[in-house]
Amino acid sequence: MTSASTSTAGSAQGYQDDPRNDRVLVYVDGAFVPRTEARVSVFDSGFVLGDGVWEGLRLKNGRLIQLDAHLDRLFEGANSIALDIGMSREEVAGAVQATLDRNGMTDGAHVRLMVTRGVKKTVNQDPRFILGKATVVIVAEYKTPRPETKARGLALFTSTFRTSTPDVFDLRLNSHSRLNLIQALIQAINAGADEALMLDPQGFVASCNSTNFFIVRRGTLWTSTGAFCFKGLTRQAVLDAWRAAGGTAEERPFTLAETYAADEAFITGTLGGVTPVTRIDGRTIGTGQPGPVTQLASERYQAWVTR
C-alpha cells in the first residue's frame, strides 16, 4: 500500500513527516487535548455545512508571519457571514500563542486556526438554530516543505472547474466550504498532476486550487488581477518584496497561451512560500527546471518575512 507521505510527495500542500506531531496538543474551545482526542460535535456548524472561517499561519524564528494581516482577514471573513467569534483579536492571538507555547514550538510550525458558527439544535442551514457560542479550534504542527518538491518543481493541470465571482462564492473569504476547489484538485490528481490551475469566469488564469499562481515573462512577474483568486497574504508579500527590491510585477489578466509561453512559473502559499512550477497540462514551462527568477523571488520573500 502507498503511504500517505509517498502519495502526497508532489502535493503543493505536502510536508516532511515529523514524529513530534504525534504528541501535539490541540486547542478546542479553551482546552488543550491530545490530537487523538480532539473532537467537535456532529451537530457543529462546521461539520454540518462547512459554516465557518479559518486561517493558516506560519511560525518562523519565534514569530508568526503576518499575524495582524491574518487576524484582519479572519475577522473580516467572520463579519461578512455574521459569525460572532466571541473573542477579541487579542484573545485569538493569545490562544494561538498559548497553543504554540504548550507544544514548545518556536520555529517551523504551521498553525490552522478554525472558527465555526458553533453547535446547532438540529441539522439545518438556519443560523438561528445555534445553541451557544462559536467553536474555536487551533491545530499547530511541525511542517517543513519537502525539498524534492522545490528541486523538481510542481506539475499543474488546468481544471474545468472555474473560480467564482464574489456573488456566487467569494474566494477571498477563507470559508470551510471548499468543495469546488477539492473537485478541481481531484481532476488534477487523476490527470497525474500535483495541483489544479483554475481559470476565472472569463477564461483568464486565476489561481490554483490551494495556492496563488505567478508566471515570469522577460524578468517581470505576472499574477492575476486578484478579482477571482484568494486574498493570498504570501502572494501579496511576494509582490511587495519584489517591488521593494526594484523589480517589476504586474497584476493583470493573462491567458493559458501566455502561460504556456512563460519563461518560468511558480505558486505561493503560507506553507511552501515560493514553489516552482515546471509543467502545465503536460507542457514544459521554460527549461523544465526551477528558474533563476523564481529562486530570486523566493529569496526576496524569505528576506522580507525574516526582516
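The values are calculated or read from the model by the stated rules, or taken from the named source; none is laboratory data. Keep in mind that what you see is a predicted model, and the values were worked out from it rather than measured. Glycine gets a Cβ as well: all are built from the backbone with ideal geometry, and neighbour counts include every protein chain shown. Ligands, DNA and RNA are stripped out before the accessible areas are found, and what is left, the full protein with its side chains, is counted by its heavy atoms. Shrake-Rupley method; radii C 1.70, N 1.55, O 1.52, S 1.80 Å.
Could you grab me the full set of residues in the stretch 237-250 that are open to solvent by 10 Å² or more (accessible area, probe 1.4 Å) and without any contact (Cβ under 8 Å) to a residue 24 or more places away in the chain?
Across the stretch 237-250, the qualifying residues are R243, G246.
For G226, indicate whether it is under 21 Å from T144 (Cβ atoms), at pLDDT below 95 and of a type outside the set (V, I, T).
So G226 fails the test.
Do we find a residue being crowded, with 18+ Cβ neighbours inside 10 Å, in a strand (DSSP E or B) and either touching a residue at least 40 places away in the same chain (Cβ under 8 Å) or acidic (D, E) (or both) anywhere in the stretch 280-287?
yes
Yes/no per residue for (1) under 30 Å from D167 (Cα atoms); (2) open to solvent by less than 20 Å² (accessible area, probe 1.4 Å):
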{"residue": "A82", "(1), (2)": "yes, no"}
{"residue": "I85", "(1), (2)": "yes, yes"}
{"residue": "E91", "(1), (2)": "no, no"}
{"residue": "G94", "(1), (2)": "no, no"}
{"residue": "A98", "(1), (2)": "no, no"}
{"residue": "V123", "(1), (2)": "yes, no"}
{"residue": "I130", "(1), (2)": "yes, no"}
{"residue": "K133", "(1), (2)": "yes, no"}
{"residue": "I138", "(1), (2)": "yes, yes"}
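Taking only the stretch 40-76 into account, find how many residues are touching a residue at least 40 places away in the same chain (Cβ under 8 Å), among the aliphatic types (A, V, I, L, M) and open to solvent by less than 40 Å² (accessible area, probe 1.4 Å).
Selection size over the stretch 40-76: 8.
Quick one: how many residues across the stretch 234-272 are hydrophobic (A, V, I, L, M, F, W, C), farther than 22 Å from R162 by Cα and under 22 Å from the mean Cα position of the chain (by Cα)?
Total satisfying the criteria: 7.
With a cut-off of at least 1 residues that are of a type in the set (F, W, Y) and either under 25 Å from G273 (Cβ atoms) or out of contact with any Gly (no Cβ under 9 Å at 6 or more places or on another chain) (or both), name the strands (runs of 3 or more DSSP E) lying wholly within the stretch 81-197.
Passing ranges, in order: 135-142, 154-158.
Out of the residues in the stretch 166-194 that are of a type in the set (S, T, N, Q) and modelled with pLDDT under 95, which is nearest to N209 (Cα to Cα)?
By that ranking, first place goes to N180.
Quick one: G269 ticks every box in (1) open to solvent by less than 40 Å² (accessible area, probe 1.4 Å); (2) modelled with pLDDT of 95 or more; (3) touching a strand residue (DSSP E or B) at 6+ places or on another chain (Cβ under 6 Å) bar one, so which box is it?
Answer for G269: the failing condition is (3).
Mind listing whichever residues of the stretch 1-39 are of a type outside the set (G, A, S), modelled with pLDDT of 80 or more, in a loop (DSSP other than H, G, I, E, B) and open to solvent by less than 90 Å² (accessible area, probe 1.4 Å)?
Correct list: Y15, Q16, D18, V24, D29.
Just one of R279, R283 is among the basic types (K, R) and touching a helix residue (DSSP H, G or I) at 6+ places or on another chain (Cβ under 6 Å); which is it?
Answer to the selection: R283.
Would you be able to say whether some residue in the stretch 160-174 is touching a residue at least 40 places away in the same chain (Cβ under 8 Å), touching a helix residue (DSSP H, G or I) at 6+ places or on another chain (Cβ under 8 Å) and either more than 21 Å from E55 (Cβ to Cβ) or among the small types (G, A, S) (or both)?
Scanning the stretch 160-174, I find at least one residue that is touching a residue at least 40 places away in the same chain (Cβ under 8 Å), touching a helix residue (DSSP H, G or I) at 6+ places or on another chain (Cβ under 8 Å) and either more than 21 Å from E55 (Cβ to Cβ) or among the small types (G, A, S) (or both), so the answer is yes.
Just one of G94, G132 is without any contact (Cβ under 8 Å) to a residue 24 or more places away in the chain and over 26 Å from S177 (Cβ atoms); which is it?
That would be G94, the only listed residue that is without any contact (Cβ under 8 Å) to a residue 24 or more places away in the chain and over 26 Å from S177 (Cβ atoms).
Which is in contact with a Lys or Arg (Cβ under 7 Å, 6 or more places away or on another chain), β-branched (V, I, T) and surrounded by 20 or more Cβ atoms within 10 Å (Cβ to Cβ), of T223, T211, T294, T234?
T223
Mind checking which pairs have a first residue in the stretch 251-266 that is closer than 16 Å to L199 by Cα and open to solvent by 70 Å² or more (accessible area, probe 1.4 Å) and a second that is at pLDDT 95 or above and assigned to a strand (DSSP E or B), Cβ under 6 Å, 6 or more apart or different chains?
Qualifying pairs under 6 Å: E251/T223.
What's the number of the condition S207 fails, among (1) assigned to a strand (DSSP E or B); (2) under 13 Å from L154 (Cβ atoms)?
Every condition holds for S207 apart from (2).
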